[in-house]
Amino acid sequence: MTDRALVVVRAGALTTVQDEGRPGHAHLGVPRSGALDGPAAALVNRLVGNPRGAAVLETTVNGCALRPRSTVTVAVGGAPCPVTVNGRPAAWGAPVRVPAGALVEIGTAVSGVRGYVAVSGGIAVDPVLGSRSTDLLSGLGPPPLVDGTVLPLGAPSSVHARVDAAPQPSPPAELVLRVTLGPRDDWFTPAALHTFTSRVYRVSPAGNRIGLRTEGPALDRARPGELPSEGMVLGAVQVPPDGRPVVFLADHPTTGGYPVIAVVRPQDLPAAAQAAPGTPVRFLAVRRR
Amino acid sequence: MRALRVGDTALLVEVASGEEVQALQAELLRRRSEGTLSVGEIVPAARTVLLDGLTDPARLAAELTAADVPPAPPRARAAIEIPVRYDGPDLADVAAHWGVTEHEATRIHAGTEFTVAFCGFAPGFGYLTGLPRHYDVPRRATPRTAVPAGALALAGPYTGVYPRSSPGGWQLIGSTDAVLWDHARVPAALLSPGTRVRFVPAGRS
């Protein structure tokens, strides 16, 4: 009998199971969660013949090491990094055959932050509210991997990927986030709005799956106090009392009381997920569609 | 009513009161169930309802601000009863703030019918309203680093029950063994927006 499972030999700094998340439950306080770099997760799934919504691993900076108990196909994408199978170099961004019991090592990212590892059949942990994603804000889904975690794998599809390798965008040297102002831009001074859309911020090391934090000039409020809690969207740029903008990512809280100065175009968020601490960030105001 | 654009596909609709939030949410849910509104999320909050995942937010904004929203229809379902012990460490402070004895404070709280105004903070955490405004209480000056699951707590105009252990700044007045959130249960959340709730002191039911 084949044991379709994956043994985590080295979990890395923060490796979680992610799929397309669990949208539709925000009214119950449930974050959407899901892969931060959705296009990269979709691509590695395609490379191993998985459906788009199959669960993959999302690594953070220093990769992970895995040992499948049965022969599988693996693809690694997102942040570029070295990949080896039993110590021999293997392809990044392409399907790699891994024999049962072999050790796959996903190394430290050369650039970017989040790596994605798809395994044929997908990670088959039990779904919660229709998703296998780990939600670090509310603790739903499987906990972050630790050394020794054993993950069940699903049955591989009979469909083989038609691509051997695929181009992936490079992690950004400068992160340009297109924003539409509002809904609470009137809570800030005109000078703060000018600062926000013209000065350069930097990605703070304090960021996580909940939000991309920034360092840079503080944004002054035109009015004091707090808003009554209101619903928050993916990409909302919230400004806490320290005045430094925070861009909400997949595990963001569903409601919040700090004013949202602007909202980032969703198409720009995958690049935000790959922007390493120190990367310059510019918020570019664009007209609403 | 004022509809603010949020990004390209969402609207934040502001109204004047919690009652208007409930009315608007009921109307939006009705439109969604009859198929005249296509929307990903309807998220009520204190004075707003967020609609996310809209195809034509500008048109809906114009339409909603011109519309007459009927009051929320009365809920057919009876209030759910949550058994509680009024044994929280901040009960004395809350009673003092209200200017009543601890016994009287528990009588006031247990005698109130609450409604879940909205959810947030954590899966299954409901913000319950129902107490008159003069019973609003401040948050604790120093939040606790760990509030136990099942803690019954007050802050501002709201009552809430912590679904799981977490940091928190609310005033703790009691505790319950009720399971507020269980993702293996259908529905996972005991409380959802609009649910009516009564707290029943242990030993009385």
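The values are calculated or read from the model by the stated rules, or taken from the named source; none is laboratory data. Since the model is a prediction, treat every value here as computed from it, not as a measurement. Here Cβ is always computed from backbone atoms with ideal geometry, including for glycine, and neighbour counts include all displayed protein chains.
Considering the stretch A:256-282, the residues that are surrounded by 23 or more Cβ atoms within 10 Å (Cβ to Cβ) and within 12 Å of chain B (Cβ to nearest Cβ) include one that is nearest to residue A:227 (Cα to Cα), namely A:259. Only residues that are farther than 20 Å from residue B:49 by Cα, in contact with a Pro (Cβ under 6 Å, 6 or more places away or on another chain) and either within 13 Å of another protein chain (Cβ to nearest Cβ) or surrounded by fewer than 18 Cβ atoms within 10 Å (Cβ to Cβ) (or both): list them for the stretch A:231-250, please. Within the stretch A:231-250, none qualify. The condition of being in a loop (DSSP other than H, G, I, E, B), closer than 17 Å to residue A:32 by Cα and either in contact with a Lys or Arg (Cβ under 7 Å, 6 or more places away or on another chain) or within 14 Å of chain B (Cβ to nearest Cβ) (or both) holds for only one of A:228, A:253, that being A:253.
Out of B:155, B:184, one residue alone is of a type in the set (A, V, I, L, M, F, W, C) and not in a strand (DSSP E or B). It is B:184. May I ask you to verify whether residue A:234 is in a loop (DSSP other than H, G, I, E, B), closer than 30 Å to residue A:118 by Cα and of a type outside the set (D, E, K, R)? For residue A:234, the condition - in a loop (DSSP other than H, G, I, E, B), closer than 30 Å to residue A:118 by Cα and of a type outside the set (D, E, K, R) - is met.
With respect to the conditions (1) more than 13 Å from every other protein chain (Cβ to nearest Cβ); (2) among the hydroxyl-bearing types (Ser, Thr, Tyr); (3) free of Cβ contacts under 8 Å to residues at least 60 places away in the same chain, residue B:65 lacks only one, and its number is (3).
Taken over the stretch A:103-146, the residue count meeting the criterion of being aliphatic (A, V, I, L, M) and part of a loop (DSSP other than H, G, I, E, B) is 12. Could you tell me which of the residues A:218, A:191 is outside any loop (DSSP other than H, G, I, E, B) and more than 26 Å from residue A:267 (Cβ to Cβ)? When all the criteria are applied, what remains is A:191. Tell me the residue from B:186, B:161, B:200 that is at pLDDT 95 or above and either out of contact with any Ser or Thr (no Cβ under 8 Å at 6 or more places or on another chain) or exposed (fewer than 14 other Cβ atoms within 10 Å of the Cβ) (or both), please. Just a single option satisfies the conditions, and that option is B:200.
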